[in-house]
1. For A:His442, which sequence-distant residues (separation of 5 or more, or a different chain) have an amide H within less than 5 Å of its own amide H, given hydrogens modelled in the peptide plane?
2. For B:Thr443 and B:Arg284, what does the FRET efficiency come to when R0 = 22 Å and r is the distance between their Cβ atoms, rounded to the nearest 0.05?
3. What is the spread of the Cα atoms of the range B:393-526 along each of their three principal axes, largest first, in whole Å?
4. If I fit a long axis through the Cα atoms of helix A:407-416 and take the longest principal axis of the Cα atoms of chain A, what angle between them do I get, 0 to 90°, rounded to 10?
5. Taking B:Val382 in one copy and the same position in all the others, each labelled 7 Å out along Cα→Cβ, what are the pairwise distances from the first, in nm, shortest first?
6. Any idea what log10 I(q)/I(0) is at q = 0.04, 0.06 Å⁻¹ for the protein assembly as shown, Debye with uniform C-alpha scatterers and no solvent?
7. Assign unit charges at the C-beta atoms only (+1 for Lys and Arg, -1 for Asp and Glu), then state the dipole size of the protein assembly as shown relative to its Cα centre in Debye, rounded to the nearest 20.
8. Using the 7 Å Cα-to-Cβ label point, sort the distances from B:Arg487 to its equivalents in the other copies shortest first and give them in nm to one decimal.
Number of protein chains: 2
Amino acid sequence: MVTEYMKGQTPAQMPASGECAVDVPGKEGRLKLRYLGIDTYQHHVVFIRRDCPICQAQGFTVQSRVQVRLGAKQIIATVNAVHSPMLEGGEASLSESAWDALDAKPGDEVDLTLAPQPGSLSHLRSKAYGHRLDDAAMRDIVTDIAAGRYSDLHLASFVTACAGDRLDAGETTALTRAMIAVGERIDWHAGKVMDKHCVGGLPGNRTTPIVVAIVAAHGLIIPKTSSRAITSPAGTADTMETLAPVVLDRATMRRVVEKEGGCVVWGGAAGLSPADDLLVRVERPLELDSEGQMIASILSKKAAAGATHVAIDIPVGPTAKMRSAAAAEFLRDRLIEVGHKVGLAVHVLFTDGIQPVGRGIGPALEAWDVLSVLRGESGAPVDLRARALALAAMILEMSQSVPAGMGMQQAELLLENGNAWLKFQAICAAQGGMRVPPRARHTRPITAARAGKVVAVNNRLLSRAARLAGAPQAPSAGIEYLSPLGRFVEKDEPLFILHAESAGVLQYALDYILGQPDIVTVADET
Amino acid sequence: MVTEYMKGQTPAQMPASGECAVDVPGKEGRLKLRYLGIDTYQHHVVFIRRDCPICQAQGFTVQSRVQVRLGAKQIIATVNAVHSPMLEGGEASLSESAWDALDAKPGDEVDLTLAPQPGSLSHLRSKAYGHRLDDAAMRDIVTDIAAGRYSDLHLASFVTACAGDRLDAGETTALTRAMIAVGERIDWHAGKVMDKHCVGGLPGNRTTPIVVAIVAAHGLIIPKTSSRAITSPAGTADTMETLAPVVLDRATMRRVVEKEGGCVVWGGAAGLSPADDLLVRVERPLELDSEGQMIASILSKKAAAGATHVAIDIPVGPTAKMRSAAAAEFLRDRLIEVGHKVGLAVHVLFTDGIQPVGRGIGPALEAWDVLSVLRGESGAPVDLRARALALAAMILEMSQSVPAGMGMQQAELLLENGNAWLKFQAICAAQGGMRVPPRARHTRPITAARAGKVVAVNNRLLSRAARLAGAPQAPSAGIEYLSPLGRFVEKDEPLFILHAESAGVLQYALDYILGQPDIVTVADET
């Protein structure tokens, strides 16, 4: 028995209730912070003793949402009650995210008051019941989200209420405008500011670092903010982080772009769309997509990053995010329409979404592919190179800095003469220093059960397997994909190689893969 | 500075990582439980040291969902990481609900493994995207929910995806059947078993204890399980708990009913619809209604409680849950249809839902109204008495134990001759002993700003004010309503009296009321 105190027991050293600094009933209560070191991810929690008179006077119960104020800063947190003397009378503690958000130190005194219900919850309910949200309602919701007034349950409910195609064009525009409004917008004091985005769903499609290098080498401004993975094994920010620091504040990002013309940084650190960052946190475990939210997320970040022209890559394929040409065309039209309403010139490139791009799936594995293309290595993945060139060419032409039809020639030149590679190294250096991507300690090949031709690959199952192997949290984890469509494989030849940072996780992913024989389909050559 | 260790500091006494009992990488890890006394409400949390090798070997991160096994019991919990020496190497801790669910004691050793994603999440996503769920998909979802495999985010998403009228008749029947299937069903070995339910939304409408007393006094079997409040200031279980114990296990409930013919107990304790109990927990903070879920919740609990005949009271009024006759008729037809499919004879009574019933709004205040009707006191609320009689009469006739048209006469007789009151006292005694409902320590009258006639009352705002005053968590809290429609009031005469257990909460509710002048509308007599 190792515990000093038992469950349910009232500790003898419990102080008299008068020790809590409640002046008069109904006034806000002040508690001294003690550090307990509990990490609840980004969900703010305040820990209070169950017998604290402040809880009782103010009517706090477990799961109450309370305002926690420290000097000029304040957050809304969920109450967890503590039934043991970890906290003394008059003390409270915070989850790690709450310490950070308040910039609090142990011994600081915080004021607690019951947080009112977010005013926009009636709009959220209305949307859940299937009604349209007007501009004002959407602004109220996004304002409450950005201010941290929504609990995780509210966020999950909003994401679900907007899932799939539940937001129409007007609501999507309203959401985009609201998301731009609650964040800050960068002004580059330049005529044209280029940007790009890929609508996910295609493993390994890591063109961004290559495109930025080419476009910046050409002399254009392309301040690229990228996201971390939501449902995929790697976001561009995850991949780029294995090559250089990506968590740059706005001032540092500005210095990088002013010096090199381009950057590839994590958008969350720049605080460009604070509401979107909070939504992403609950979208991740729910693995839910919302077309309207996706459009608002993309365009609000581009507008906030100061872009004027945006190239959007939409991979189309049976297991990509966009499964049909009709769905992709609908998305394109909506992106262009909403972009126009918020002042962005949007151009769309449909790309083949039938199979993974390059070889790597996972942050570091994709970074190695990027490096081999930029360095012009002989074994560099030709598909990744071709896609990056097509996007770079489109951006060069959008900017009207090359004649129409001449974008590809110029993009190829910049890649082949090494200028893009030099520019990429300069960008990495400016972001804080270039890094060597890590290699996983544990690998295991998944082999063909029979000889034949690779006739199908399920990108979704492949992505899921890479995530189960640890990507993107474990940057070296993921999948090295060796069997593009049409390749002939022998029995027992590796189709792909699983990479993981621990044997336990490797086994976990393997167990999943063994139950999914259709990840890669090998059939007789016909 | 009161802390023994600082945020971010690595404690010197941190043990070597080998102390965690990991046998081989990839095997499940075993950790010894230490009590920390952290109450996260019913959300299971497992606390693990961030540097624990088990976390690393198994790939646990903060927010991971893990299976925690102790002997034959197991739960799924969310990981919170601890960055401080509150836990030693090889130790873990649990939230209060998780200790209870595992029946764990400090020093017990638990096994942890990564929990697979619930298999039914693809169905949940499909529903969120607007597709219908078939019987098998609904069964998969409800099975996962009942097994505790859904996180709060998943539950919030499911509730939202089914909100309003998003479940059709077939889906509602499937949900009802699935909810019955995952719980246990009581067999009373009797021909006819009566039950009643009120579709909420009308403050103070606490007929159940009176109806059960009359019906049981008549000699019928009426094993009533009630719920706690979701979005209202009191559920019947909350009110009844101020009069007698309601948390009865199944065996005790059976003894009460076999002895007295009836009971009024909390359905959650009987475990009659375990999936519903979990859904209610997230519906509460979201304040979301779902017609399909409401029907499934009502009927699954009635079927599980062994009922054969169910009388359902549907109050209709502009600020009741059912605002129009059309909505009420739609609900009635759906209840009868789904009831028929799961083997329940459902009868519906529409009642006037225009204003509160009785005087009390809140657990104890409503209990005082119930007592005054049962005791036949001269000042007993006539509206509550009349409604209880109408429902009791309907149930007596449904059972065919009185001739058609004779139910009301028999119900009045049993109330007036004191048999119902004697039966109620006997039921309370059998449930564990009759109690005196508490009185609030703090009250404040809300007065009329002008003289005139009461022409409107907003039940929703009134309910919200009662909740802000602390109901139902604080049983004595709520509202004593003094101004029924049509009454003439003088300026400064009390319209209602706010009751609260603390001055802070009283003020909080008052602040809300001051911002809502339309709770009770007083106008010139016309």
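1. A:Ala500
2. E between B:Thr443 and B:Arg284, to the nearest 0.05, is 0.25.
3. For the range B:393-526, the Cα spread along each principal axis is 52, 44, 22 Å.
4. The helix A:407-416 is inclined about 80 degrees to chain A.
5. Those label-point separations list as 9.3 nm.
6. At q = 0.04, 0.06 Å⁻¹ the computed log10 ratios are -0.23, -0.51.
7. Value, rounded to 20: 20 debye.
8. Values, ascending and in nm: 8.2.
Values quoted throughout were computed directly from the atomic coordinates according to the rules given, and no laboratory measurement underlies them. Source: prediction; values computed, not measured. Quick reminder, even Gly has a Cβ in these numbers, built from the backbone with ideal geometry, and neighbours come from all protein chains shown.
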